[in-house]
Amino acid sequence: MTGLVEGKAAIVTGAASGIGAATAALLAEEGAGVLAVDLPGSPLASVHAGRERIVCLEMDVTAPEAGPAIVRAALDAFGRLDILFNNAGTVGKGGEVETHDEADWQFVIDLNMTSIYRLSKAAMPHLKKSEAARIVNVGSVRSDFAESGAAAYTATKHGVAGLTKVLACELGRHGTANYIQPGAILTGITRPAFERMPDYAKYWKERAPVGRFGEPEDIANAVLFLASEEAGYVSGIGLWVDGGAMCHG
Ligand SMILES: NC(=O)c1ccc[n+]([C@@H]2O[C@H](COP(=O)([O-])OP(=O)(O)OC[C@H]3O[C@@H](n4cnc5c(N)ncnc54)[C@H](O)[C@@H]3O)[C@@H](O)[C@H]2O)c1
C-alpha cells in the first residue's frame with residue numbers, strides 16, 4: 001500500500017517542535033520527501049534523526065532571502081515541489097492595543113504573515129508545475145474570533161485567512177490552498193502558558209466538547225488530508241481542528 005502523499009515533495013516550516021514536527025514526520029511516513037525548516041540552533045536535526053525522507057534546513061523564515069533559499073533547497077533535495085506547509089508562528093508578547101509594543105507588533109506580522117507571503121511567492125512558480133499543488137497555512141481559531149489582548153496575533157491570523165483565499169484563487173487549476181484553525185493544542189507555545197495560567201488552560205480544555213486538549217498529531221492528520229489528492233476539491237477554506245471548541249457560544 002502506498003502513502004497518501006507518496007512521491008510528493010513538501011516544505012514544512014517550524015518543523016522542530018509541536019505541530020510542524022508532527023506534520024513533517026507524518027508527511028514523510030506517508031511517502032513525501034520533506035524539507036523541514038526551523039531556526040538556526042533549534043533541535044531540528046535531532047528531532048528528525050533517522051527519518052530518511054526528511055532533509056533539514058536551519059533558516060529563519062523571516063529573513064528576506066528565506067523564500068527563494070528554502071524553495072531552492074527543496075528543489076535541490078527532491079527535484080520538485082508539491083506541498084507548502086506554512087506553519088512557523090508566534091503569539092509574541094501579546095497585550096491590548098493601548099499597551100502593545102510596536103516592535104512586538106512588527107515581529108508578529110513578519111513571522112505570522114509576511115513569511116507566508118515571501119515563501120508562497122517563491123514557491124508558486126514551482127507549485128504550478130505539480131499536478132496537484134497544495135498550500136496549507138496555519139491560522140487559528142483566532143482567524144475568526146477575538147477577545148481583548150493578543151492584538152497582533154489575532155490580526156495576523158485573520159490575515160492568514162485572507163491571504164490563503166487569494167492563494168487559492170491564484171493557484172487556480174494547479175491545486176488548492178487552505179488554512180488550518182487549531183484550537184488549544186499542547187505544544188511549545190501553549191504548554192508554558194497553560195502552566196502559568198491554569199484557569200485559562202481549564203477554560204480551553206472544557207470548552208472543547210471532546211473533553212481534551214489537542215495533540216500536534218491531531219493537526220498533522222488534518223494537514224495530511226488537505227495535502228492529499230483526495231482533497232482536490234477543497235480550496236480556500238479554514239478547517240477547524242479544535243475538538244468542537246468554537247461550535248458553541
Ligand atoms: N498550539 C496551539 O494551540 C495553536 C493554536 C492555534 C494556532 N497555532 C499555530 O500553530 C503554529 C505552530 O505552533 P506550535 O503550537 O506548534 O508551536 P511550537 O512553539 O511548538 O512550534 C513552533 C516552531 O516554529 C519555529 N519558529 C519560530 N520562529 C521561526 C522562524 N522565524 N523561522 C523558522 N522557524 C521558526 C520554532 O522554533 C518552533 O520550532 C503557529 O503558527 C501557531 O500560531 C497553534
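Just so it is clear, none of the values below were taken in a lab; they were calculated from the coordinates. Since this is a predicted model, take the numbers as computed values, not measurements. As a convention, Cβ positions derive from the backbone with ideal geometry for all residues, glycine included, and neighbour counts pool all protein chains shown.
Here is how the numbers come out for the structure above:
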quantity: Environment charge of ILE54, counting only residues whose C-beta is closer than 13 Å and scoring Lys/Arg +1, Asp/Glu -1; calculated: -2
quantity: Amide H contacts of ALA133 (H built 1.01 Å from N, under 5 Å, at least 5 apart or other chain); calculated: GLY175, THR176
quantity: Whole-number D in µm² s⁻¹ for segment 201-249, Kirkwood Cα-pair radius fed into Stokes-Einstein, 4 °C, 1.567 mPa s; calculated: 107 µm²/s
quantity: Sequence of HIS100, HIS174 once ranked by neighbouring C-beta atoms within 10 Å, starting from the fewest; calculated: HIS174, HIS100
quantity: Principal axis box of segment 104-169, alpha-carbon based, largest edge first, Å; calculated: 43, 21, 14
quantity: Partner aspartates and glutamates for LYS8 [C-alpha distance under 13 Å; skip if fewer than 8 residues away on the same chain]; calculated: GLU29, GLU30, ASP82, GLU131, GLU229
quantity: Whole-percent pair-distance distribution, where bins are 5 Å wide, for the alpha carbons of segment 155-249; calculated: 3, 13, 19, 20, 19, 13, 8, 4, 2, 0
quantity: Among ARG173, ARG53, ARG134: highest mean-square fluctuation, GNM of the chain, C-alpha pairs under 10 Å; calculated: ARG173
quantity: Nearest 10 degrees, 0 to 90: helix 151-171 Cα axis against the chain principal axis; calculated: 30 degrees
quantity: Between helix 115-127 and the chain: long-axis angle, C-alpha atoms, 0 to 90°, nearest 10; calculated: 20 degrees
quantity: C-alpha long axis of helix 18-29 to longest principal axis of the chain, angle in °; calculated: 30 degrees
quantity: Mean separation of Cα contacts under 8 Å (6+ apart) over length of segment 57-189, as relative contact order %; calculated: 29 percent
quantity: Extended-chain gain in nm, criterion 0.36 nm per residue less alpha-carbon gap, ALA63 and LYS128; calculated: 21.0 nm
quantity: Cα-only radius of gyration and Dmax that characterise segment 1-119, units Å; calculated: 15.2, 56
quantity: Length gained when the stretch GLU6-GLU195 is fully extended (0.36 nm per residue, less Cα-Cα span); calculated: 64.1 nm
quantity: Sequence ranges 151-162, 206-217, 26-37, ranked by mean other-Cβ count within 10 angstrom, highest first; calculated: 26-37, 151-162, 206-217
quantity: Debye log10 I(q)/I(0) for the chain, one point scatterer per Cα, at q = 0.08, 0.12 Å⁻¹; calculated: -0.28, -0.64
quantity: Length-normalised contact order of segment 117-249 in % [C-alpha pairs under 8 Å, at least 6 apart]; calculated: 30 percent
